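Please read the structure below before turning to the comments.
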Amino acid sequence: MGKLVALLLVLLAAGGLAQQTTLRSTVPGEFPSVVVIKTPRDRQFCLGTVLNANHVLTSAPCVLTDDSMRIFPPRLVHVSGGDLLILPIHYQRQTRTAEHIFVHENYRPHTRENNLAVIRLAEPFHLPSNAIEEVQIQMRILPDNHPCDVVRMLQPGDTEPTSARVQQAFNVNIRNRDVCIERRPWELTIREDLLCMELTTGTGFNTVEGDPMFCDGRQAAILSFRWNSNRGGGESTTHLAATQIRFHIHWIHQQLNRTHPMPPGWNPVNF
């Protein structure tokens, strides 16, 4: 019996046994820093996190047009926090319009490098609040198989009823980057600033770039891309890669005090 337990522990440590991925509804106060970002993109919402009363962190594609060639006009971007549902509107919801949008100057759409954007609000959130909280950033190195949660929201095409909570979360375990590189050999895009995750078979729900990932109650990363791979026997596995915030904390802090907007006509596709 002791040998069996030891073997199971070894397999878990090596990632040999995948933890079942479970999608669940969140509850008020569970992820109070998460906000909803609405852009002119049809029917799609993305998520961000509150850095402070005036700024929100999200992914670059969240605030870019579908062709990634221009940033949405700030007046057309709205940020809402304080509740979990799109409808009905809760009395604790606070909605703000963007004043400036800063996309990382070295963002590259084809590789998702530097996949970050900061939104400056035209009016600050009222803080402290019982429903909105500034995010805490995870600055520690996280080991393989460390448990975390990714927050998402109901998207067009999801099978959940419209009466379900919009904000949801699912559990993931961090995988060694070599595992993801092995599963994505045609493209060397699993860089050191990315975290790698693997979902169990049958988890076909959607995710959106910008979905935040929390580990030990602190935001560790922002979802950047996903892909499916086969293990040779026809079984398909979904993998996720997320940009670690700690690698870009200096750039984020620079945006909080930035006094000049993005260069006119800036287009990441040109680089």
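Numbers for the structure displayed
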item: 11 Å cut-off, amide nitrogen to a point 7 angstrom out along residue 122 Cα→Cβ, residues in segment 85-109; result: 96-100
item: Accessible area in the full protein assembly, largest first, 1.4 Å probe, for 107, 91; result: 91, 107
item: Estimated FRET transfer efficiency (residue 270, residue 227; beta-carbon r; R0 25 Å; 0.05); result: 0.45
item: Anisotropy class of segment 57-161 from Cα gyration tensor, a/c 1.5 cut; result: rounded
item: Residue-level accessible surface for residue 110, protein heavy atoms, 1.4 Å, Å²; result: 120 Å²
item: Accessible-area value, residue 192, 1.4 Å probe, nucleic acids and ligands omitted, Å²; result: 120 Å²
item: Solvent exposure of segment 101-148 as accessible area per residue, Å², 1.4 Å probe; result: 49 Å²
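The values are calculated or read from the model by the stated rules, or taken from the named source; none is laboratory data. In this text, all values refer to a predicted model and were calculated from it rather than measured experimentally. Please note: Cβ atoms are built from the backbone with ideal geometry, for glycine as well, and neighbour counts cover all protein chains shown. Only protein heavy atoms, including side chains, enter the accessible area calculation; ligands, DNA and RNA are left aside. Shrake-Rupley method; radii C 1.70, N 1.55, O 1.52, S 1.80 Å.
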